[in-house]
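*Asks:* Quick one: this structure, given as structure tokens, is what I'll be asking you about.
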Amino acid sequence: RIGFGRKRSSLRDIVLCVDQSGSMAPSVVYAGVFSAVLASLPSVNTRMVVFDTAIVDLSDKLADPVDVLFGTPLGGGTDINQALAYCQSLIRQPHDTILVLISDLCEGGNAREMLKRVGTLVAAGVQTISLLALSDEGAPMFDQNHAAAFAALGVPAFACTPDLFPDLMAAAIQRQDITRWAAT
């Protein structure tokens, strides 16, 4: 099996694509910790990409959550389309890949291309999930139009608390219906 090259025995590939703009600070911290935990599991191959208007691939730092957290300087601006393009370039087996975009979907780049790219990922078979926040703070501020467009493309867009994130990932790995999971 050809995966991302690190763990040949993995069952699923997970790509966490995390918006590190200032409004997403709690999500970045939780995503960093969870990505390190996921990277330690032999059944998945985990990548973590953080972005604002630039992209940083932190996948080689996942063995140490502290390295991940210090590798994510919070910035401003957001180019989701550019980040998704980078993540798309990492995907070798779309039907075995879970892409989790953690962002408020406030696109500062090309929104039309972002939606087109999401549609391409879904059509290729990538299990795509959009978390509007990964925090304890309740309902986040987010771009409702983009969230609705993602949902229309078959990509559930919802907020998730840190205590439910492991259950979400377990459901995704088991290929459960994430929209139904989120509704419960």
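*Asks:* Taking amide H positions as placed 1.01 Å from N in the peptide plane, with prolines and chain starts having none, which residues 5 or more places from GLY109, or on another chain, fall under 5 Å of its amide H?
*Replies:* ILE80, ASN81
*Asks:* Using a basic spin-label model with each label point 7 Å from the Cα along Cα→Cβ, how many nm lie between ASP136 and ALA151?
*Replies:* Here the modelled spin labels are 2.8 nm apart.
*Asks:* Calculate what fraction, in whole %, of the accessible area of segment 106-184 sits on carbon and sulfur atoms when a 1.4 Å probe is rolled over the protein chains.
*Replies:* It is 53 percent, rounded to a whole number.
*Asks:* Say we join alpha carbon atoms closer than 10 Å with springs in a Gaussian network model of the chain; which of PHE158, PHE70, PHE142 then has the biggest fluctuation?
*Replies:* Maximum fluctuation in the GNM of the chain, among the listed residues, is at PHE70.
*Asks:* What full-extension length gain, to one decimal in nm, is calculated for ARG92 and LEU41 as 0.36 nm per residue of separation minus the Cα-Cα distance?
*Replies:* Between ARG92 and LEU41, full extension yields an extra 16.4 nm.
*Asks:* Between segment 116-172 and segment 24-92, what is the C-alpha centre distance in whole Å?
*Replies:* Cα centroid of segment 116-172 versus Cα centroid of segment 24-92: 16 Å apart.
*Asks:* What is the set of long-range amide H partners of THR97 at a cut-off below 5 Å, with H atoms built 1.01 Å from backbone N?
*Replies:* The answer is ASP13, GLN127.
*Asks:* Which of the following values of semi-axes √(5λ) of the Cα gyration tensor in Å was calculated from the structure shown: (i) 21, 19, 17; (ii) 30, 21, 16; (iii) 33, 20, 14?
*Replies:* Given (i) 21, 19, 17; (ii) 30, 21, 16; (iii) 33, 20, 14, the structure-derived one carries the label (i).
*Asks:* Rounded to the nearest whole Å², what accessible area per residue is found for segment 113-184 with the 1.4 Å probe?
*Replies:* Result: 51 Å² of accessible area for each residue.
*Asks:* Of the peptides 41-52, 173-184, 81-92, how do they stack up when ordered by the mean number of other Cβ atoms within 10 Å, highest first? Provide the component values of the computation, followed by the final result.
*Replies:* Details: 41-52: 21.5, 173-184: 12.7, 81-92: 18.8.
The peptides rank, most packed first, as 41-52, 81-92, 173-184.
*Asks:* With all protein chains present and a 1.4 Å probe, how do ASP57, ASP67, ASP104, ASP136 order by accessible area, largest first? Each step should come with its number before you reach the end.
*Replies:* On the way: ASP57 40, ASP67 75, ASP104 15, ASP136 105 Å².
From most accessible down to least: ASP136, ASP67, ASP57, ASP104.
The values are calculated or read from the model by the stated rules, or taken from the named source; none is laboratory data. Bear in mind that the values here come from a model prediction, so they are computed numbers and not experimental data. Don't worry about glycine lacking a Cβ; one is built from the backbone with ideal geometry, like all the others, and counts go over all protein chains shown. When the accessible area is computed, the model is the full protein with side chains, heavy atoms only, and any ligands, DNA or RNA have been set aside. Shrake-Rupley method; radii C 1.70, N 1.55, O 1.52, S 1.80 Å.
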